[in-house]
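Data block below; observations after.
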Amino acid sequence: MNDPRSEWYADWFNAEYLKVYSHRDSVLAAREVDYLIEALELCPRRRVLDLCCGAGRHLAQFAARGFERVVGMDLSADLLQAARESGDSPPILVRGDMRALPFGPSFDSVVSLFTSFGYFLEEGENRRVLEEIRRILRPRGKFLLDLVPAQIVDSLVPSSERKVDGLVVRERRRYVETTKRIEKEIRIEGPDGVREFVESVRVYSFSEISRMLAQAGLSITDVRGDFQGGGFVPESERMILLGTTDLVGR
């Protein structure tokens, strides 16, 4: 595929990405992990995969709560290195592609946070991610999928500018109705010059993602609008899907 957006994630998740999203800090991660533990009924002996773990913010919070069997996986070598350096006790980290997870059916839960789903232009590749999640979950395994809801496109901010750690970050956003994707252009100006990146993420309605999950052998048990457990309503900025492997076909 010649479309330059096809592998945008391979270029963008780097040290500059960490600066641009530095507001996603440990305080926020702590609240989110507390919710994950409650919503998925996790205990320290459970084996959990943080899929697309990034720099390990959530892994560090799991470790602080006594979870020793949580695994972080990401494609970005830069973000995994940041995760290794983030604490005194490095978490279990694996570099890999979410379309072909390097694990057998050995996890009690899989979590995918901060809109880490819908990256691929070919919809079959996004479906493959869900099939891989299903494959590596044990019987009665659980998952949490954190997405932006389809209604977010109605309030999309076309452009913004901010300063972060000595950098000027300019972002332009648009929703492409034919592909149902939010496209973002990121321009970063700093002492070393200008660098440009893109993001391209598929946006799903609840009915669309429900069908995809069912086709992959996964069932939704609940949907929430935030990490405080709030209900999913038209004004929600998140669509947090909770589910399991053991209800499909009943």
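Values as computed for the structure displayed
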quantity	calculated
Residue match in the stretch 13-21 (condition: under 24 Å from Arg224 (Cα atoms) and outside any loop (DSSP other than H, G, I, E, B))	no
Of the criteria (1) part of a loop (DSSP other than H, G, I, E, B); (2) closer than 25 Å to Leu130 by Cα, which one Val71 fails	(1)
Residue in the stretch 163-173 that is under 20 Å from Ser6 (Cβ atoms) and either more than 22 Å from the chain's Cα centre (by Cα) or not assigned by TED's automatic domain parsing to the domain that holds Leu36 (or both) present	yes
Which listed residue is without any contact (Cβ under 8 Å) to a residue 60 or more places away in the chain and small (Gly, Ala, Ser), from Ser236, Ser207	Ser207
Meets criteria (of a type outside the set (Asp, Glu), surrounded by fewer than 18 Cβ atoms within 10 Å (Cβ to Cβ) and either touching a helix residue (DSSP H, G or I) at 6+ places or on another chain (Cβ under 6 Å) or assigned to a strand (DSSP E or B) (or both)) for Thr179	no
Residues satisfying the stated conditions in the stretch 1-55, i.e. of a type in the set (Lys, Arg) and either free of Cβ contacts under 8 Å to residues at least 12 places away in the same chain or closer than 30 Å to Thr245 by Cβ (or both)	Arg24, Arg31, Arg45, Arg46, Arg47
Complete set of residues in the stretch 64-92 that are buried (at least 19 other Cβ atoms within 10 Å of the Cβ), of a type in the set (A, V, I, L, M, F, W, C) and either touching a strand residue (DSSP E or B) at 6+ places or on another chain (Cβ under 7 Å) or within 17 Å of Glu32 (Cα to Cα) (or both)	Phe67, Val70, Val71, Met73, Leu80, Ala83
The stretch 202-250, residues that are assigned to a helix (DSSP H, G or I) and in contact with a strand residue (DSSP E or B) (Cβ under 8 Å, 6 or more places away or on another chain)	Phe206, Ile209, Ser210, Met212, Leu213
Top-ranked residue in the stretch 198-220 [being of a type in the set (D, E, K, R) and surrounded by 18 or more Cβ atoms within 10 Å (Cβ to Cβ); ranked as nearest to Asn126 (Cα to Cα)]	Arg202
Residue selected from the stretch 101-116 under the condition over 16 Å from the mean Cα position of the chain (by Cα) and hydrophobic (A, V, I, L, M, F, W, C), by the criterion surrounded by the fewest Cβ atoms within 10 Å (Cβ to Cβ)	Phe103
Pick from the stretch 187-197, criterion over 19 Å from the mean Cα position of the chain (by Cα) and touching a residue at least 24 places away in the same chain (Cβ under 8 Å), ranking: surrounded by the most Cβ atoms within 10 Å (Cβ to Cβ)	Ile188
Any hit, the stretch 221-242, residues being more than 19 Å from the chain's Cα centre (by Cα), buried (at least 16 other Cβ atoms within 10 Å of the Cβ), at negative phi and not hydrophobic (A, V, I, L, M, F, W, C)	no
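This table checks each residue for (1) surrounded by 17 or more Cβ atoms within 10 Å (Cβ to Cβ); (2) aliphatic (A, V, I, L, M); (3) in the same structural domain as Asp50 (by TED's automatic domain parsing); (4) not in a strand (DSSP E or B).
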| site | (1), (2), (3), (4) |
| --- | --- |
| Glu125 | no, no, yes, yes |
| Glu132 | yes, no, yes, yes |
| Arg135 | no, no, yes, yes |
| Gly141 | yes, no, yes, no |
| Tyr175 | no, no, no, no |
| Glu185 | no, no, no, no |
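The values are calculated or read from the model by the stated rules, or taken from the named source; none is laboratory data. Since we're looking at a predicted model, the values are computed, not measured. Virtual Cβ from ideal backbone geometry, glycine too; neighbours counted across all protein chains shown.
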